[in-house]
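As structure tokens, the structure follows; a few thoughts come after it.
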Amino acid sequence: MTETIAETQTETVPKGRYSGKVDIGLKTPKYLVELAQVSKHFGSNHVLKGVSLRVKPGEVCSIIGPSGAGKSTLLRCINLLETPDSGNMVVAGQYVDLGKPQDRRALLSLRRNVGMVFQSFNLFPHLTVMDNIALPQRRVLKRTEAEAKEHGMELLERVGLADKADSYPAKISGGQQQRVAIARALALEPKAMLFDEPTSALDPELAQEVLTVMKEVASSGMTMLVVTHEMNFARNVGDHLVVMEDGAIIEEGDPEQIMSDPAQERTRQFLAAVINH
Amino acid sequence: MSGFLAVLAAIPITLLVTVGAFIVGFILALGLVLMRRSKHRWLSFPARAFIDLARGIPPIVWLFFLFFGLSMGAIKLDALQAGILGLGVVSSGYLAEIFRGGLLAVHRGQYEAGEALGLSAWTRYSKIIAPQAFKAMLPAMATYFIGLVKDSSIASVIGVKEMVFTANQYARQDAETGIYTFFLAAVIYIAVSIPFAVVARRMESKLQESGAR
Ligand SMILES: Nc1ncnc2c1ncn2[C@@H]1O[C@H](COP(=O)(O)OP(=O)(O)OP(=O)(O)O)[C@@H](O)[C@H]1O
Ligand SMILES: [Mg+2]
């Protein structure tokens, strides 16, 4: 007897409304993130051509591929920073029909479950490091200031930046800013985290300290989707590797397997280009 | 001598017109900029049209229109009310564009980070966007305000008894000393503007130090 998504989701979505629509691989609740036939245009540019993807709880899924493949767009569709044209998804038990406009409450509950880390950090420059981490907790989780700060301090210790709590973002290094951004996202206790090239804006040593933190987050059991050019991270930390090109997944599977013996010629070319770099 | 005293006594009216128009303009501009940025054309188009009219029609025409035009209709405005409202409407057009520039100066990533964290629209705007936009638009806003101190003198044409109106009254009575009342008014405009400019500059550098990008 297979469980349907409807059974896991009875509180938020009435069964009848979508039970007929979930037809493409969205059958089992053993995935934390499931995308089915996600499609997105920018004008006439077909950027995602019906992408389907499943990520298990606690899994680290790395997404690689050439520039313009649609990696960022795919990630941004998961927390609805971009609005797909069509498709379905289930994220942390929440079913989303991507073809429809989302109501505000569904949007907020989705984003509450999904943290995001950007290439450009996007810390709030007018707030101290601690306030960057405390403000969202107070507003989203309704924690008191004391709770938010206590929790914030624990997270800053976890990313090794407890001494920077009172600094402004502009006064710390890029690597430190990105670690704060990770702490800020973790503070909301997300069920999954999206990373869009989190180290691409950083010098190698600074990138390394961010990768170390990400590795620790992965080992704590966080479900992670990571768009990256860091092949070592994808190989050593990643559990699953997805290769995208031209709006579609061209290959996916075990990172070690794909990197040593890709099935697609295009993957081989891409890997050669990245690794020789 | 009594002319000088009368001009001094008119300072509060000049300030009242200036501050009143600025507040009216500020409040209208908040609404206008939100409408202007809406993705719904039925909201953005009227806002755009209003902003263009507010800035495109000379202030003096706005004042005549509100004072004489509305007086023919049901609403009766006295000169002071019409002066504040008219200059407020004009200010709203300029301030709305200043606000829009300020909002555009905030990096797109700031909006996205706020959304990705699940912050409500109210929190995003009040806690994240507005403080950064305010910093970006403070110089333009201060410049506009100081300009408005002087431009409030336009209200004299509909009989608001501010400094220029008062100086003019005395100049007409006594052409010889009258020029000195205007001279006094000029000195007062400068004297009022300078402290505002200094305060604005202080605020700017203070904001620069704290949030430093
Ligand atoms: N906001 C947008 N408006 C219009 N086109 C866009 C927008 N964002 C992305 N695109 C286009 O969509 C395509 C996919 O972009 P996307 O950023 O997802 O690629 P990517 O795989 O992340 O590339 P990169 O490695 O350069 O980050 C590109 O052709 C890009 O030009
Ligand atoms: Mg990208």
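The values are calculated or read from the model by the stated rules, or taken from the named source; none is laboratory data. Small disclaimer: the values here were computed from a predicted structure and weren't measured. As a convention, Cβ positions derive from the backbone with ideal geometry for all residues, glycine included, and neighbour counts pool all protein chains shown. Remember, those area values only see protein heavy atoms, side chains included, never the ligands or the DNA or RNA. Shrake-Rupley method; radii C 1.70, N 1.55, O 1.52, S 1.80 Å.
Couple of notes before you dig in:
- Other residues within the sphere of radius under 15 Å centred on the Cβ of residue B:155, judged by their own Cβ, net out at -1 (K and R +1, D and E -1).
- Size-normalised alpha-carbon gyration radius of region B:1-95, reference 2.2 N^0.38 Å: 1.28
- Remark: mean inter-chain Cβ contacts per residue of A:132-140 equal 4, using a 10 Å Cβ-Cβ cutoff to other protein chain atoms.
- MRE, 222 nm, helices only [DSSP H, n ≥ 4, -39500 (n - 2.57), over chain A, to nearest 500]: -11000 deg cm²/dmol
- Order of exposure, largest accessible area first, which applies to B:92, B:153 with probe 1.4 Å: B:153, B:92
- Sum of -39500 (n - 2.57) over DSSP H runs of 4+, divided by residues of chain B (222 nm, nearest 500): -26000 deg cm²/dmol
- With a 10 Å cut-off around each Cβ of B:74-82, the average count of Cβ atoms from other chains is 0.
- Area of residue B:62 that stays accessible when all protein chains are in place (1.4 Å probe, Å², to 10): 40
- Alpha-carbon centroids, region A:105-123 and region B:27-67: separation in whole Å: 35
- For the pair A and B, total buried accessible area rounded to nearest 100 Å², probe 1.4 Å: 2000
- Rounded to the nearest Hz, the phi-derived 3J(HN,Hα) couplings of region B:110-118 under the Karplus curve 6.51 cos²θ - 1.76 cosθ + 1.60 (θ = phi - 60°) are 5, 5, 5, 4, x, 5, 4, 7, x, where x marks glycine and proline.
- Relative to the Cα centre, the charge distribution of the protein assembly as shown, modelled as +1 at Lys and Arg Cβ and -1 at Asp and Glu Cβ, gives a dipole magnitude of about 1440 debye.
- D by Stokes-Einstein for region A:2-275, Kirkwood Rh over Cα pairs, 37 °C, 0.692 mPa s: 169 µm²/s.
- Per residue solvent-accessible surface (Å²) - region A:125-173, probe of 1.4 Å: 48
- Mean projection of the Cα convex hull over all viewing directions, computed for the protein assembly as shown: 30.7 nm².
- For region A:154-277, alpha-carbon Rg over 2.2 N^0.38 Å: 1.16
- Considering only chain A, percent of DSSP beta bridges that pair antiparallel, nearest 5: 55
- Measuring r between the beta carbons of residue A:157 and residue A:56 and using R0 = 45 Å, the FRET efficiency lands at 0.95.
- Averaged over B:107-115, number of beta-carbon atoms from partner chains that fall within 10 Å: 6
- Dimensionless Rg ratio for region A:22-107, taking C-alpha atoms and the 2.2 N^0.38 Å reference: 1.05
- Whole-angstrom gap from region A:212-236 to region B:147-172, using each part's C-alpha centre: 69
- Listed by chain and number, the lysines whose alpha-carbon sits under 22 Å from that of residue B:206, ignoring those within fewer than 8 places in the same chain, are A:164, A:171, B:127, B:135.
- Looking at region B:1-87, the trypsin sites (Lys or Arg not before Pro) that sit in a DSSP loop and have at most 13 other Cβ atoms within 10 Å of their own Cβ are B:39, B:76.
- For region B:78-164, the residue among B:118, B:91, B:137 whose Cα projects farthest onto the positive side of the dipole built from Cβ charges is B:118.
- Projecting label points 7 angstrom from Cα along Cα→Cβ for residue A:171 and residue B:176 puts them 6.6 nm apart.
- Volume per residue that the Cα convex hull of region A:72-118 spans, once the total is divided by residue count, Å³: 69
- Counting protein heavy atoms only, region B:2-212 has 70 percent of its accessible area on carbon and sulfur, 1.4 angstrom probe.
- Highest-fluctuation residue, A:42, A:195, A:124 considered, GNM on chain A with Cα pairs under 10 Å: A:42
- Residue A:259 accessible area, 1.4 Å probe, all protein chains in place, Å² to nearest 10: 20
- For chain B, modelled as a GNM whose springs connect Cα atoms under 10 angstrom apart, the maximal fluctuation among B:160, B:187, B:149 occurs at B:187.
- Helix B:41-56 and the longest principal axis of the Cα set of chain B meet at an angle near 30°.
- Hits among lysines - C-alpha to C-alpha of residue A:71 under 26 Å, sequence gap 8 or more where chains match: A:21, A:27, A:30, A:40, A:49, A:56, A:100, A:191, A:215
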